[in-house]
Amino acid sequence: MKKILLCLILISGVNMGYSQNAEKQNEIKLNIANTIAIASVEFGYERFLDYHQSIEGVILINDRINYHSESGSRDFQTNSFKLGYNYYFGEDYTASGLYVNPFLKYRTGEFSEEDRDVEAPEIVTDMNSLIIGIGSGYKWNFNDTFVLGPFINVGRNFSEEVKDRFSAIEFNAGFNIGYRF
């Protein structure tokens, strides 16, 4: 009897392990819109907690505040790190459909530009700042492998120097393409 019970436990344990691993738990993504439009690279990784929830980490290389251009004598030397929580409202696939995304973001680096009115050759703004925000978007999931979707974020910047030079409110939008594994 003990051997039969042990075999049943092992079989059900293997079956449970297989069914849990059948769903893809990870996603990597790239914001292709910002890469094309402003030469800002935004890579992300998302780990699914359950059918409707995930945690994401995003690295933004050459991050620009509110899509300010680098035309003329302006130069952004900034990178950002974003940590967010996603809640999905879709029912078709895991983590698909409409979602909301509260997040924390930390930007490092500096912004410099020439001041033509003053003899000082360059004005430098320290861009180190903490940003708290919320976003929303939509994610289409194809065979639980490839994902596409637009998003928009708004955040509050807590750096006085950045707020004085630019704005306390920041906007970010894009179109992600991703792969689940």
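Tabulated values for the structure
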| quantity | calculated |
| --- | --- |
| Sole exception among (1) closer than 30 Å to GLU27 by Cα; (2) open to solvent by 70 Å² or more (accessible area, probe 1.4 Å) for GLU161, by number | (1) |
| Of all residues in segment 85-112 being among the aromatic types (Phe, Trp, Tyr) and open to solvent by less than 10 Å² (accessible area, probe 1.4 Å), the one that is nearest to the chain's Cα centre (by Cα) | TYR88 |
| Residues being under 24 Å from GLU110 (Cβ atoms), in a strand (DSSP E or B) and not small (Gly, Ala, Ser) - total across segment 21-70 | 8 |
| Residues of segment 29-84 that turn out to be crowded, with 17+ Cβ neighbours inside 10 Å, at pLDDT 95 or above and farther than 24 Å from GLU113 by Cβ, as a count | 12 |
| Hits in segment 94-136 - residues which are in a strand (DSSP E or B) and on the phi > 0 side of the Ramachandran plot | GLY97, GLY109 |
| Residue in segment 113-133 that is at pLDDT 95 or above, open to solvent by less than 60 Å² (accessible area, probe 1.4 Å) and of a type in the set (D, E, K, R) present | no |
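The values are calculated or read from the model by the stated rules, or taken from the named source; none is laboratory data. Worth saying up front: this structure is predicted, and the values here are computed from it rather than measured. As a convention, Cβ positions derive from the backbone with ideal geometry for all residues, glycine included, and neighbour counts pool all protein chains shown. We work out accessible area using only protein heavy atoms, side chains counted, and drop any ligands, DNA or RNA first. Shrake-Rupley method; radii C 1.70, N 1.55, O 1.52, S 1.80 Å.
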